Amino acid sequence: MGDWMRDFLQLFPVATEGYTGTRQDLDAVERILSDDRSSLTVTRRTLRAIENNSAWTYPTWWPVLSDLLEEPVILGAVRRDDSQDRRRAIQHLYDRLQHIEVVSVVLRFLLPEEFGIISPPVSTLLCLPPASDHVSHYDRYLETLKDLGRPHGISRVADVDMALWSAAHLQYAYSDLAREMYRDEHLQVVRLRNMLHDLGDVLARANGRRHRIEIHRHLLLARALMEHDHISGALIAARAFEEIVNATTEDWEIQPREENRGRVVLTDRLDEIKHRGTYARLGVGDSDLDSWRAARNDIMHAASDWSKRRSEWLVEAISRLYADWSSVEGRTY
């Protein structure tokens, strides 16, 4: 079997010609910026060399900013695989240009070993969600490219970026190669990881408490899994039930049962909740807690016997509990 990433990288001229009408010679742009690459200084001349180079069609895609850059931008050293240096360089140039895509273009040509050009087709292919700000989004984009290039022995981030850009545009024309790409387990792990990261970012931007964000994310994941893996979804919902109970009782003085050898377990916490009537105001009775605890034990120890219908019941029940609990969480019980 070949290497889909290296094959798509070789197809980059074909992809650019098909999409733009002309082959884009990015190597030629790199060569003309050799002095800037040595000094890692961005000047008006640097931007004009990128904007006006006949080897590619910059003005078709990005704004011309060279006339706006009055003073040089000295990026400073960017050590190989140093995430702090990388982010500092991005932030420094973004502070001056205020356009993250142009920032990515400039950095890609000055340091192709560490940077690539951020683009919607590649972001979509990677299931990369928006971040809280442009710099963070581009930084995560680059980290993802580095991660994907390692198994293929491709060390230049710019080359990984070009390969994925080609894949995004040629996957239907080269369907066999695309199938090989989508069978790549590492790629699929990265895509899933990005989607799950999005869940945390979305919830964090809602200014929720940390434990609420985690519980909410788990329940969203449980619901999403119902169609494909209902048992995993039920297991995650059972975990969310424990997390809600633990968060409710985390500041309580609870006396564990003797048989638990000094450890406070789920049953102890639920007993205390029942004793205090904590969830009564939510319309949750003792029988509800007992049934959810029993379901939690069953799914933990006898998952193979679980039906999709029962999984859906548990996920829905714990999701309702979470919604009611989070609406009053933080008040005095």
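The values are calculated or read from the model by the stated rules, or taken from the named source; none is laboratory data. Computed from a predicted model, the values in this text were never measured in an experiment. All Cβ positions, even for glycine, are placed from backbone atoms using ideal geometry, and neighbour counts span all protein chains on display.
Residues that are of a type in the set (S, T, Y) and within 24 Å of R87 (Cα to Cα) within segment 143-184 comprise T144, S155, listed in sequence order.
Residue-wise test of (1) within 22 Å of V160 (Cα to Cα); (2) surrounded by fewer than 17 Cβ atoms within 10 Å (Cβ to Cβ).
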position: V42; (1), (2): no, no
position: T46; (1), (2): no, no
position: P63; (1), (2): no, yes
position: D81; (1), (2): yes, yes
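Within the span defined as segment 92-103, every residue fails to be under 26 Å from A167 (Cβ atoms), in contact (Cβ under 8 Å) with a residue 60 or more places away in the chain and in a helix (DSSP H, G or I). Mind checking whether some residue in segment 55-69 is hydroxyl-bearing (S, T, Y) and touching a residue at least 60 places away in the same chain (Cβ under 8 Å)? Within segment 55-69, not a single residue is hydroxyl-bearing (S, T, Y) and touching a residue at least 60 places away in the same chain (Cβ under 8 Å).
Residue count for segment 40-52 satisfying the condition of being in a helix (DSSP H, G or I) and either among the β-branched types (V, I, T) or within 20 Å of S119 (Cβ to Cβ) (or both): 4. In the condition set (1) aliphatic (A, V, I, L, M); (2) over 18 Å from E250 (Cα atoms); (3) in a helix (DSSP H, G or I), V284 is compliant with all but (3). Within segment 65-79, the set of residues being outside any helix (DSSP H, G or I) and either touching a strand residue (DSSP E or B) at 6+ places or on another chain (Cβ under 8 Å) or surrounded by fewer than 16 Cβ atoms within 10 Å (Cβ to Cβ) (or both) comprises L69, E70, E71, P72, V73, I74, L75, G76, A77, R79.
No other residue among R37, R31 is within 17 Å of P112 (Cα to Cα), touching a Phe, Trp or Tyr at 6+ places or on another chain (Cβ under 8 Å) and surrounded by fewer than 18 Cβ atoms within 10 Å (Cβ to Cβ) apart from R37. Counting only residues that are out of contact with any helix residue (DSSP H, G or I) (no Cβ under 6 Å at 6 or more places or on another chain), modelled with pLDDT under 80 and hydrophobic (A, V, I, L, M, F, W, C), segment 209-225 holds 0 of them. Quick one: how many residues across segment 12-68 are touching a helix residue (DSSP H, G or I) at 6+ places or on another chain (Cβ under 6 Å), modelled with pLDDT under 95 and among the basic types (K, R)? Final tally of qualifying residues: 2.
For segment 141-153, the condition holds for no residue, the condition being that it is surrounded by fewer than 17 Cβ atoms within 10 Å (Cβ to Cβ), under 20 Å from A89 (Cα atoms) and of a type outside the set (D, E, K, R). Here E143 passes the criteria (1) within 14 Å of the chain's Cα centre (by Cα); (2) not in a helix (DSSP H, G or I) except the one numbered (2). If you go through segment 84-93 and keep only what is buried (at least 20 other Cβ atoms within 10 Å of the Cβ) and not β-branched (V, I, T), you end up with R86, A89, L93. Scanning segment 110-126 for residues that are surrounded by fewer than 23 Cβ atoms within 10 Å (Cβ to Cβ) and not β-branched (V, I, T) turns up L111, P112, E113, S119, P120, P121, S123, L125, L126.
So, of the residues in segment 4-24 that are of a type in the set (S, T, N, Q) and part of a helix (DSSP H, G or I), which turns out to be farthest from P121 (Cα to Cα)? It would help to see each step written out before you state the result.
Our first condition is that a residue be of a type in the set (S, T, N, Q); within segment 4-24, this holds for 10, 16, 20, 22, 24.
Filter once more, so that each one left must be part of a helix (DSSP H, G or I): 10, 16, 20.
Values: Q10: 18, T16: 13, T20: 14 Å.
Across segment 4-24, the extreme among qualifying residues is Q10.
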